[in-house]
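Engineer: Structure incoming, see below.
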Amino acid sequence: MASPAFEAVVEDFEFLGDWEERYRHVIEMGRAMDPLEDALKVPATKVQGCASQVWLVPRVDGEGPEAVYHFAGDSDAQIVRGLIAVLQALYDGQPAEAVVATDAPVQLARLGLDSHLSSQRSNGLRAMVQRIRETAAAAAAAA
């Protein structure tokens, strides 16, 4: 089951008529995010495999099964910032174990993203999901 925030995104997408409107909505979601501080845009937070520059900064509250996953992110591309916002709706504030268990491709397919992103953007989205899942798995495993 997806987070309530992601379910709201799904509802928004169902309300929007065509993909062009949905694309604009994703961009607006990205514009609404707080920018990442430049000091956090370092090689350790940069996501490899993205055509544009992408930084994800995880934060975990708690440990082990009680760990709650949060992350901030930024990109130099508007649509990618929007995709980060979509991923925040899917993952941010969820237990780390739930982040690991979430089938991102299935959830994102509910938005139709899989058929409307270029192969480069799709690869970048997969790289972001992989980074999120790896950091959440490490948090869930910590005792």
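Engineer: Which of the helices in the chain, when you take each full DSSP H run, stretch at least 15 Å along the axis at their Cα atoms and have an average Kyte-Doolittle score of -0.5 or higher?
Structural biologist: 4-15, 78-91, 119-141
Engineer: For the chain, which longest stretch is free of loop sites, where a loop site is one of the GluC sites (Glu not before Pro) that DSSP puts outside H, G, I, E and B and that has at most 14 other Cβ atoms within 10 Å?
Structural biologist: Answer from the scan: 64-143.
Engineer: Could you calculate the contour length gain from residue 20 to residue 116, that is, 0.36 nm times the residue separation minus the distance between their Cα atoms, to one decimal place in nm?
Structural biologist: Roughly 33.6 nm would be gained on extension.
Engineer: Let me ask something additional. Can you give the helix-only mean residue ellipticity at 222 nm for the chain, where every DSSP H stretch with n ≥ 4 adds -39500 (n - 2.57) and the sum goes over all residues, rounded to the nearest 500 deg cm²/dmol?
Structural biologist: Values: 6 runs with 75 residues, N = 143.
Helices in the chain give a 222 nm mean residue ellipticity of -16500 deg cm²/dmol.
Engineer: Using only alpha carbon pairs under 8 Å that are at least six residues apart, calculate the relative contact order of the range 10-138 and give it in whole percent.
Structural biologist: Once divided by the residue count of the range 10-138, the mean separation gives 27 percent.
Engineer: Given points 7 Å out from each Cα along the Cα-Cβ axis, report the residue 5 to residue 134 separation in nanometres with one decimal.
Structural biologist: With each label point 7 Å from Cα toward Cβ, the separation is 2.2 nm.
Engineer: Also: Under 1.5 on a/c is rounded, so check that first for the range 83-143, then, if it is not, pick prolate when a/b is larger than b/c and oblate when it is not; a ≥ b ≥ c are the square roots of the alpha carbon gyration tensor eigenvalues. Walk me through the numbers on the way to the answer.
Structural biologist: Numbers: a/c = 2.55, a/b = 1.93, b/c = 1.32.
The shape class here is prolate.
Engineer: Right, here's the next one. Once you sort the root eigenvalues of the Cα gyration tensor of the chain as a ≥ b ≥ c, which label holds: rounded (a/c under 1.5), prolate (a/b larger than b/c) or oblate (the other case)?
Structural biologist: On the way: a/c = 1.78, a/b = 1.29, b/c = 1.38.
It comes out oblate by the Cα gyration axes.
Engineer: What nm distance separates the two modelled labels at residue 39 and residue 141, each placed 7 Å from Cα along Cα→Cβ?
Structural biologist: Those two pseudo-labels are separated by 3.1 nm.
Engineer: Continuing with the same structure: Only four residue types carry charge here, +1 at the Cβ of Lys and Arg and -1 at the Cβ of Asp and Glu. Report the dipole size of the chain about the Cα centre in Debye, rounded to the nearest 20.
Structural biologist: In debye, rounded to 20, the chain gives about 500.
Engineer: Go through the range 33-90 and name the chymotrypsin sites (Phe, Trp or Tyr not before Pro) that are in a DSSP coil and have 16 or fewer other Cβ atoms within 10 Å of their Cβ.
Structural biologist: For chymotrypsin sites (Phe, Trp or Tyr not before Pro) across the range 33-90 that sit outside H, G, I, E and B with at most 16 neighbouring Cβ atoms in 10 Å, the list is empty.
The numbers here are math on the coordinates, done by the rules we state, and not lab data. This is a predicted model, so every value here is computed, not measured. With ideal geometry, Cβ positions are generated from the backbone for all residues, glycine too; neighbour counts draw on all protein chains shown.
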